[in-house]
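Asker: The structure is given below, and queries will be raised subsequently.
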Amino acid sequence: MLTWKQLHDLKCDELLDAADGWGAVSTQADAARDRISDEMVRSLESTQKGMAAPAAIGRLRRLDRNYDYIRTECGLVRTTLSSLVYELVGFQGQLKDALDEAASLGFTVAADGSVSYPAGGTSVVTNQPSPGGSASADTPLMSRPPTLNTPHPGLIDPNPNRAKAQDIADRILRVLTAAREADEHFSTALNRLKAEPGLDVTESTWKDAAADLAAVRKVAADYLKKTIPTGGTPADHHDWWTHLSASQRDEYLAACPDILGNLDGIPAAVRDEANRDNLHLLIGRLSGEDNAAARAKLDGLRSIDTQLRAAPEPGVPPMYLLGIGEEGNGRAIVSYGNPDTAKNVSAYVPGLGTTLDKHFAESDVKRARETALGARLADPDNPTASIVWLGYDAPQFEAEKFLDLNKLAENFAVMGDHDAKVGASAYNQFMAGISTTHETGDPHVTAIGHSYGSLTVGLAAQQHGGIPGADDIILVGSPGTEAKTADALGVGRDHVYVGAAKNDIVTQLPSKAEVSGTTVGTLLGGPGLGGYLGHKIGEAVDGPDQLYFGTDPASREFGAKRFATGDGPTLIDRGQLVASLMDGDMDGLPSPDVSAHSHYFDPEVDSTSAKNIARIVAGKSSEITTQEPR
């Protein structure tokens, strides 16, 4: 049991030295991990082609994971000890104040915390000075035994020193109780930080590490988490980080990787380091859950982890993980290239149905990769960073189901613009962070929105001040931005670019004035087919001349530059559709082919669109090929 004397004499500097020692081990493990992954593994991958090479690389990757785990756990030990010292120093200060007051009054504090006090005051019975005594925190004033000087039990002692001694004894007990509780909590957290003999780091190991982090964070909340200015601006975050010492940064990285990794205004390399650690912790935690949502996110996280660990491909910028999380439908921000040093920076917002899953990790991340490669070809003299930003919850409709011709009105009514409005604010915060951390402060920035993501980007552009740092805006497969013209997007209509494939139904939603079905009929191959279908879509559309989310971005009225794209496959087989309509079988309408909505970034399927996007991102918009607006 901790006594006040032990708390008073505790040498907190020695505990801090121990914390620094664990921090040094964590730093050394981090350095060893970097040497293995950046030097040894990559060297073997690039120079060794024999049968033994894969086995050697596998063992090195295992060692890499072990060092990563050691770094994390030793960092948590350091944080736990540092946090304990933070608490104990506060308790020592409170104890010192109580002891100093006792000494100034001539009181004596016993080993058990009781406080002896001298005579004082005048007895109402004897008219003599009231004698001294001793006060204990567990013997309250109103319940102490009566004496000759107190004619009735419970009367206030006339000696004023009694109340002062009681107050000091109570304060000593309170601080001791708090210190004992802290000691117990931190000891429990420290005892968790153990590894099994013969360490083999698996997902279950990271699951245990995630629990360790939760335990450390629980006891260290006041020491670290509450000191991070999460409610500030990206500039505030950057200023805070800049003024931390190297050891403080290491401590925050160890204890709060999930916060730092998603904090706009923190340098990209730091966010990447924090998020890679948090990625492992998320994989470990989600591997212990048995539900469809957790399994989908786990598949996405594993795919991203595999890509991050893969050997770099020639000509492909390195990957940076700028955000990761499990909230909502999942969060992931992946960049090909460092946005803090790149001359050309783009940030693409995916749309309808996007969630953190394997499809996102393989499809949307690939779109960022293809854009980075294309921009590098367009501007080989300057580095590019191409980002995919899943920092919001997109409406969860699968494109095929959403575009069910029998349910378009219902689906559009449910979708709305709420998610886009929330996402727009988060996107602008992220883009402000990119502007804050860029090392030259003058990158060429392109905001890209696809599908519902174009609504998110459009709304972000219409917020006060527009999209921070944006020079150009690209809208592809867009159902509208709620803007009447491109001038409302803040970069000038000559810097707003629109891609709308001929057979992309999302870009051809008719207005109520078009319920005759002319637009849909043309899309399907003839105006005579559109009456029924146009009525179904028209039920969902507001305004006589508007798309569901405002003016058609590909229209002449909107005023943006429309770049050339491929047509994409025809939406539906006309013959099969006619047969269903002739038979009156509305439930038997054929499923539409909506893939034209997804081809804009793919150089193998739509090289025209992909090249034009890359040229704009590279600041070579004068070289794009165009087509007439509608």
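Asker: Fewest Cβ neighbours within 10 Å first, please rank Glu327, Glu439 accordingly.
Answerer: Glu327, Glu439
Asker: Can you tell me the length gained on complete extension of the stretch Ala195 to Arg180, counting 0.36 nm per residue apart and subtracting the Cα distance?
Answerer: Stretched fully, the Ala195-Arg180 segment lengthens by 2.7 nm.
Asker: May I ask you to sort Tyr86, Tyr497 by Cβ crowding, counting other Cβ atoms within 10 Å and putting the fewest first?
Answerer: Listing Tyr86, Tyr497 from fewest to most nearby Cβ atoms yields Tyr86, Tyr497.
Asker: Can you tell me, using C-alpha contacts under 8 Å and at least 6 residues apart, the relative contact order of region 30-109 as a whole percent?
Answerer: Computed over region 30-109, the figure is 30 percent.
Asker: Suppose R0 equals 45 Å. What FRET efficiency, 1/(1 + (r/R0)^6) with r the Cβ-Cβ distance, do Ala214 and Asp567 give to the nearest 0.05?
Answerer: With a Förster radius of 45 Å, E is 0.30.
Asker: Here is a further query. Between Gln463 and Glu628, what is 0.36 nm times their sequence separation minus the Cα-Cα distance? Round to one decimal in nm.
Answerer: Additional length available on full extension: 56.5 nm.
Asker: Another question, then. With a point put 7 Å past each Cα toward its Cβ, work out how far Asp442 is from Leu308 in nm, to one decimal.
Answerer: 3.4
Asker: Taking neighbour counts of Cβ atoms within 10 Å as a proxy for exposure, in what order, fewest first, do Val216, Val345, Val270 appear?
Answerer: Val270, Val216, Val345
Asker: Within straight cross-link reach of Lys611, meaning Cα distance under 21 Å, which lysines are found once same-chain residues fewer than 8 apart are removed?
Answerer: Answer for Lys611, where 21 Å is the Cα cut-off: Lys343, Lys366, Lys502, Lys561, Lys620, listed by chain and number.
Asker: Can you tell me how much longer the chain between Ser425 and Met1 gets when fully stretched, taken as 0.36 nm per residue apart minus their C-alpha distance, in nm with one decimal?
Answerer: 147.4 nm
Asker: Taking square-rooted eigenvalues a ≥ b ≥ c of the alpha carbon gyration tensor, is region 313-380 rounded, prolate or oblate, where a/c under 1.5 means rounded and, failing that, a/b exceeding b/c means prolate?
Answerer: prolate
Read-outs throughout are calculated quantities, based only on the coordinates presented, and are distinct from any laboratory measurement. Here the structure is a predicted model, which is why all the values come from computation and not from measurement. All Cβ positions, glycine included, derive from the backbone under ideal geometry; neighbour counts span all protein chains shown.
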